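Single-structure report; data block below.
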Amino acid sequence: MKKSSYHMTTEQFRTEGKKVIDWIADYYENIDKYPVLSQAKPGEIKAALPENPPQTGESMEVMMCDLDEKIMPGITHWQSPNFYAFFPSNTSFPSILGDLISSGLGVQGMIWATSPAATELETRVLDWLADMMGMPEKFKSTSTGGGVLQDTASTSALTAMIAARERATNFQSNKTGIQQKLVAYISTQTHSSLEKAAKICGIGSENLRMIVVDEKFAMRTDLLKEQIQKDKAAGLTPFFICAALGTTSSNAVDPVRKIGEIARKENCWFHIDAAMSGTAMVCPEFRHFQDGVELADSYCFNPHKWMFTNFDCDVFWVGNREELINTFSILPEYLRNQATESGQVFDYRDWHVQLGRRFRSLKLWFVIRHYGVEGLQFHIRNHVKLAQNFTQWINESDDFELFVEPPFNLVCFRHKAGDDFNMKLMNAVNATGKAYFTHTKLNGQVVLRMSIGQTNTEENHVRDTWDLIREIAREIS
Ligand code: PLP
């Protein structure tokens, strides 16, 4: 017999939805029962899944069963309190609920008219954040600039570089293609997303200068100045400089004011990539790290890394929104509407590459309202304190050494027994499933990274991991 509808009913949704919330709550209660790093072998998860889709619909019960049996073994538990790898991508229950409601509303907020609240809540929340983080007035919508949510810091870097390209070419390169030889500047430690941006936006990676860093892995501004002069003498046009507030390898902080002053003098767009460490600016005691931020044309940071807001959520601020809008605005007939034409509203599709956009501000709004400024400060300070404790243990140990003083919550350290030993140690710790951390190379040497920013990480977790690292180091010595 033919069905009149295949949809899930609201009654079924109510019942199954409650079970899903319980499933998530159970997951968090039992998260330490899973190996932090998935132990799945390549192809194993795919092999457990049928080759063909079902011809007839299946029950949620069967799907949830497969989730437990076939999918969970292939999950690396980013939300485990013993996740110290890369940078965190933490979340929180208010964020999950906000995201769920966003899915429930199913809003596509490409322009103001397609859901005024999606635009206006975003504007309000990003103005709140600007105040919460001591940002210059110009980054606020009430001034010349404003903020917009992007998916990732990579997209923000690309957006910034495209706007910089347009400004440097008097908004002509969008029309004629790039006629000038434009040159951009980052450091050797800047995140690879900047190189990707240079490739994608037509600058070319050969026109991206990677400036050498000092002993703290921060950009050397004397070399930046020198390189700019060389490029100008060769008839090239410097147009973009990026400073990192917390590099990926070691969390190094570039000298923001000095770089900003050079950018001003040389008429370059100044972007600050604070993807990981921007969150720390909620605490006034860390703001000295971004002294000179008022010189920036754009700034991005990821609440989806350290601000308890689930992936994806990147904040991108500009000091002059007209430059951004002039770069990205395009108005086909089918998007024309009264609100846009009145000039009284923001249409965020003019602030980035894509047209369609999720209602991301809802989860951020829930997070800020749940924790309050005070709650966010409390947990950020706690992570930094845990990193300081870990640093102290390293300093007190005979076998391990600190590689560089941590400004925030990433500790770079190594065992004194050399590169191979450090790699072996890291792999052995990760194979226990009790903790997960990763490595980098600095000055050609393997360095272990302990990145402490998971929502539920407490002192006992860090202490147990330190004991585990030492125990395994003794075993493999
Ligand atoms: N910038 C820095 C300093 C990062 O550490 C990262 C990622 O870890 C990025 C940019 C890219 O972040 P996203 O994944 O949001 O593009």
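The values are calculated or read from the model by the stated rules, or taken from the named source; none is laboratory data. These numbers come from a predicted model, not from an experiment. We place every Cβ from the backbone using ideal geometry, glycine too, and count neighbours over all the protein chains shown. For the accessible areas, the whole protein counts, side chains as well, though only heavy atoms, and no ligand, DNA or RNA atoms are used. Shrake-Rupley method; radii C 1.70, N 1.55, O 1.52, S 1.80 Å.
Entry note, the chain: the mean residue ellipticity at 222 nm calculated from DSSP H runs of n ≥ 4, each adding -39500 (n - 2.57), is -13000 deg cm²/dmol after division by the residues and rounding to the nearest 500.
Rolling a 1.4 Å probe over the protein chains gives Asp151 an accessible area of about 50 Å². Using a cut-off of 27 Å between Cα atoms, the listed pairs Lys46/Lys199; Lys181/Lys265; Lys196/Lys258 include Lys46/Lys199 as exceeding that distance. As a calculated quantity, the FRET efficiency between Leu223 and Gln388 at R0 = 35 Å, using C-beta atoms, amounts to about 0.65. Taking a quarter of the surface of the Cα convex hull of region 217-285 gives a mean projected area of 5.1 nm². Full extension of the segment from Lys181 to Ala339, taken as 0.36 nm per residue of separation minus the current Cα-Cα distance, would add 52.9 nm. Remark: spin-label model distance Gln172-Asn395 equals 5.7 nm, labels positioned 7 Å along the Cα→Cβ axis. For the chain, the solvent-accessible area works out to 47 Å² per residue, with a probe of 1.4 Å and every protein chain left in place. Descending by average beta-carbon neighbour count within 10 Å, the peptides 155-164, 77-86, 372-381 line up as 155-164, 77-86, 372-381, the highest first.
The label point for Glu374 and the one for Met132, both projected 7 Å from the Cα toward the Cβ, are 1.5 nm apart. Distant-in-sequence amide contacts of Tyr185, defined by a placed amide H-H separation under 5 Å and a gap of 5 or more residues or a different chain, comprise Arg209, Phe240, Ile241, Cys242.
Over all Cα pairs of region 24-166, how is the pair count split among 5 Å bins, expressed in % and running from 0 up to the last occupied bin? All Cα pairs, binned at 5 Å, distribute as 2, 7, 10, 13, 15, 15, 13, 11, 8, 5, 2, 0 percent. By the combined test of axial Cα extent (at least 30 Å) and Kyte-Doolittle hydropathy (mean at least 0.5), none of the DSSP H helices of the chain qualifies.
Across Met133, Met210, Met423, the residue with the most accessible area heads the list, and the full order at a 1.4 Å probe is Met210, Met423, Met133. Ranked by the mean number of other Cβ atoms within 10 Å of their residues, highest first, the peptides 234-247, 6-19 fall in the order 234-247, 6-19. Within the accessible surface of the chain, defined with a 1.4 Å probe on protein heavy atoms only, the carbon and sulfur portion equals 52 percent.
Taking the empirical scaling 2.2 N^0.38 Å for compact globular proteins as reference, the chain has a Cα radius of gyration ratio of 1.05. Database remark: amide H of Ala296 closer than 5 angstrom to no amide H (H placed geometrically; neighbours at sequence offset of 5 or more, or on other chains; Pro and chain starts carry no H). Region 174-221 and region 138-152 have their alpha-carbon centroids 23 Å apart.
Here the contact order of region 107-358, divided by its residue count and restricted to Cα pairs under 8 Å and six or more residues apart, works out to 26 percent. For region 107-358, a/c is not less than 1.5, where a ≥ b ≥ c are the root eigenvalues of the C-alpha gyration tensor, and a/b does not top b/c. That puts it in the oblate class. Estimate the FRET efficiency between Ala234 and Lys441 by the formula 1/(1 + (r/R0)^6), using the beta-carbon distance for r and 35 Å for R0, to the nearest 0.05. After rounding to 0.05, the efficiency reads 0.65.
A simple spin-label model places pseudo-atoms 7 Å from Cα toward Cβ; at Ile476 and Glu61 they are separated by 4.6 nm. Once the chain from Lys3 to Ser192 is taken as fully extended at 0.36 nm per residue, the excess over their C-alpha distance is 62.8 nm. Between the alpha-carbon centres of region 1-72 and region 304-358 there is a gap of 35 Å.
Sorted largest first by accessible area at a 1.4 angstrom probe radius, with every protein chain in place, the residues Tyr34, Tyr348 fall in the order Tyr34, Tyr348.
May I ask you to derive the FRET efficiency for Lys416 and Glu458 from their Cβ-Cβ distance with R0 = 22 Å, giving the value to the nearest 0.05? The calculated FRET efficiency here is 0.15.
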